[in-house]
Amino acid sequence: FDRAALERFVRNWGTAVEVALAGRRSPTIERRAAGQAEGLLAAIQDNERVRELAVNPLLLTVIALVHRYRAKLPERRAELYEECIEVLLGYWDEARGVRGYALPGLVLDAGDKRSLLEPIAFWMQERALREIDKEMLLRQLCDLFLPLSGDDRRLAGKRGEAFVAIINARSGLLQERGLGVYSFSHLTFQEYLAAQALAGREDFIAYALDKAGDPWWREVLLLAAGYLSTQGKARVTAYVR
């Protein structure tokens, strides 16, 4: 979206939501929708990182949903990205009455999906990649599914393939960009999921210090601090020090 398209979408989306909720259209409802739209547009304009996301129609829809149901966007990036990922991995399906990803003999909830995507994001971040070819993606997922598949590599491989197909079709978080090439819908989500993976490591402080001078890791390290701050004071205090 360019700026004009972004503004038009936000205003039309806000009106559609208010009219749908009220079951009718009236001047009062249109004024309420206009106020919601102006609040969201101001929030997008005030945050450079949010502006970068909002040019993508899918991500703008996610941001609009977060704003709508929280009454404002979270001020901290880590919290905003967390809510966006929750929408992409969970709420889309819940709105359609789908409660989990059905794979061969296995059902995954939103937490399971995240636990599979975090190491993928971290692996890509370690190699300074924004894209991953399907063969390598499936190889990584096969290893991740192996403990869930009784060490049956064939079953783990089938589950990995099913996972890629479903998450590409239904979440918009990990997408096929070209024939056999995948990437996260925005680098921001790769960085945030990598930050969560980093925060879960036992050596997270030593690892972060090793990457501290690398521009490619700057946003990951900042997001790791934001994420850790939501988990209590002790670990984030040690990390910032």
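Take the solvent-accessible surface of the protein heavy atoms, probe 1.4 Å, and return the percent of it on the chain that carbon and sulfur atoms account for.
About 51 percent, which is the carbon plus sulfur part of the accessible surface.
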Can you give me the distance in nm between label points at ASP46 and LYS211, each placed 7 Å from the Cα along the Cα-to-Cβ direction? 3.0 nm
What is the distance, in nm, between label points placed 7 Å from the Cα along the Cα-to-Cβ direction at ARG31 and at LYS72? 2.3 nm
Here the membrane-span-like helices of the chain, with no claim about any membrane, defined by DSSP H, Cα axial extent at least 15 Å and mean Kyte-Doolittle at least 0.5, are 57-70, 187-199, 218-229
Tell me the relative contact order for the stretch 178-238 as a rounded percent, counting alpha carbon contacts under 8 Å between residues six or more apart. 33 percent
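Would you mind giving the average projected area, over all directions, of the Cα convex hull of the stretch 130-241 in nm² with one decimal? Write down the numbers at each step before the final one.
On the way: hull surface 33.3 nm².
So the Cα hull casts an average projection of 8.3 nm².
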Specify the residue with the greatest mean-square fluctuation among ARG25, ARG114, ARG218, computed from a Gaussian network of the chain linking alpha-carbon atoms under 10 Å apart. ARG25
FRET efficiency for ASP109 and GLU131, Cβ-Cβ distance as r, R0 = 22 Å, nearest 0.05? 0.20
FRET efficiency (ASP152, ASN12; Cβ distance; R0 41 Å; to 0.05) is 0.25
Who wins for biggest fluctuation among ARG77, ARG11, ARG127 in a Gaussian network model of the chain, springs between alpha carbons below 10 Å? ARG127
Could you please tell me the mean projected area of the C-alpha convex hull for the stretch 1-64, averaged over all directions and given in square nanometres to one decimal? 4.0 nm²
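At a Förster distance of 30 Å, what's the computed FRET efficiency of VAL55 paired with ALA238, Cβ-Cβ distance as r, to 0.05? Provide the component values of the computation, followed by the final result.
Numbers: r = 37 Å, r/R0 = 1.24.
Once rounded, the FRET efficiency stands at 0.20.
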hull vol. (C-alpha, convex hull) per residue for the chain, Å³ -> 145 Å³
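The values are calculated or read from the model by the stated rules, or taken from the named source; none is laboratory data. Every value quoted in this text rests on a predicted model; they were computed, and no experiment measured them. Reconstructed Cβ throughout: ideal geometry from the backbone, glycine too, with neighbour counts over all protein chains shown. These area figures cover heavy atoms from the full protein model, side chains too; ligands, DNA and RNA do not enter into them. Shrake-Rupley method; radii C 1.70, N 1.55, O 1.52, S 1.80 Å.
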